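The values are calculated or read from the model by the stated rules, or taken from the named source; none is laboratory data. Computed from a predicted structure; not experimentally measured. Because the Cβ atoms are built from the backbone with ideal geometry, glycine has one as well, and the counts that use them run over all protein chains shown.
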Amino acid sequence: MVQAATASGVDVAAHAHGALPGIVMPAEPTAGDTYRQEFWPGEAEDLGEILATDEQVTVAAGDFDGVVTTVTGTPWSQPRWKRRTTPRVSD
C-alpha cells in the first residue's frame, strides 16, 4: 500500500453520498506508481500516475532538480494534466 498525504477537501455533501478522499501525492513517489486522487463513483474518479521522480527543469523562476512529474485525470476522458512538482515550487 502506498503511504501518502490525503486530500481533506471532500465536502460534507459529497462525503454523505459515499465520496472518499484520495491521495494528493505518494509520500515516497516512484515512477510507475498510480493512485486515486478522489473517489465518488460516477462523479469524481481522478487518478494520478508518477511519470518521473528526478527530472531537471528550467523555468523563468530558476533551475530545479529532483522534479516529480505526474499525470492526472480519468483514464476515459481527455485532457489529462501533466504536472511537475519540486519541494519548493509546484505548477
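Data overview
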item: GLY22 more than 15 Å from ARG84 (Cα to Cα) and under 12 Å from the mean Cα position of the chain (by Cα); result: yes
item: The one condition in (1) outside any helix (DSSP H, G or I); (2) modelled with pLDDT under 80 that ALA13 fails to fulfil; result: (1)
item: Wholly enclosed strands (runs of 3 or more DSSP E) of region 33-91 bearing at least 2 residues on the phi > 0 side of the Ramachandran plot and surrounded by 12 or more Cβ atoms within 10 Å (Cβ to Cβ); result: 62-73
item: Subset tally (residues that are closer than 21 Å to PRO21 by Cα, in contact (Cβ under 8 Å) with a residue 24 or more places away in the chain, acidic (Asp, Glu) and in contact with a strand residue (DSSP E or B) (Cβ under 9 Å, 6 or more places away or on another chain)) for region 32-85; result: 4
